[in-house]
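Q: Mind having a look at this structure? Questions to follow.
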Amino acid sequence: MDVFLENVGMLAIAFVIIYGYKKILEYYEFKRSGFYENEMVYQAADEFVLGAASDEVKDLLISCFDFDREDVDEILSRSLPHRTDKDGGYQAFITSVNKVLGIDVYSECHTH
């Protein structure tokens, strides 16, 4: 019985090490590929919700290295119809950013 518990313990430790290693690799892969959260996107979303002009929001997004001018235009074209939503279009803006990136990087529940 002692050998069985010892083997279970060793397996549990191995799984924890493998899981931790996997998470570290994911972090560095996201960091290397540039897919990590940029606070400028959240700032642009806040400006969008507060009713800032499209040019101001464009300038904020273009200053992020993840987006070019076409990406910014697509984000705004997807988000502008939702500006009258209950949340001011915040969720639609973040969803549009994630769709342009092709991966869910930004959270709609981000706290400021």
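Q: Please go through region 63-79 and pick out each residue that is surrounded by 16 or more Cβ atoms within 10 Å (Cβ to Cβ), farther than 14 Å from E37 by Cα and not acidic (D, E).
A: V72, I75, L76, R78, S79
Q: Test K31 against the stated conditions and say whether it is loosely packed, with under 11 Cβ neighbours inside 10 Å and at pLDDT below 90.
A: In short, yes.
Q: Now a separate question. Restricting attention to region 81-112, report how many residues are hydroxyl-bearing (S, T, Y), under 10 Å from the mean Cα position of the chain (by Cα) and not assigned by TED's automatic domain parsing to the domain that holds V49.
A: 2
Q: Specify which of the listed residues (D71, D66) is under 23 Å from E108 (Cβ atoms), among the acidic types (D, E) and out of contact with any Gly (no Cβ under 7 Å at 6 or more places or on another chain).
A: D71
Q: Sort through F65, F48, F30, F15 and tell me the only one that's out of contact with any Pro (no Cβ under 7 Å at 6 or more places or on another chain), in a loop (DSSP other than H, G, I, E, B) and hydrophobic (A, V, I, L, M, F, W, C).
A: It is F65.
Q: Ok, one more. Restricting the search to region 38-62, which residues are in contact with a Leu (Cβ under 8 Å, 6 or more places away or on another chain), surrounded by fewer than 20 Cβ atoms within 10 Å (Cβ to Cβ) and not basic (K, R)?
A: Passing the criteria: M40, Q43, E47, S54.
The values are calculated or read from the model by the stated rules, or taken from the named source; none is laboratory data. All values reported here derive from a predicted model rather than from experimental measurement. Every residue, glycine as well, gets a Cβ built from its backbone with ideal geometry; the counts of neighbours run over all protein chains shown.
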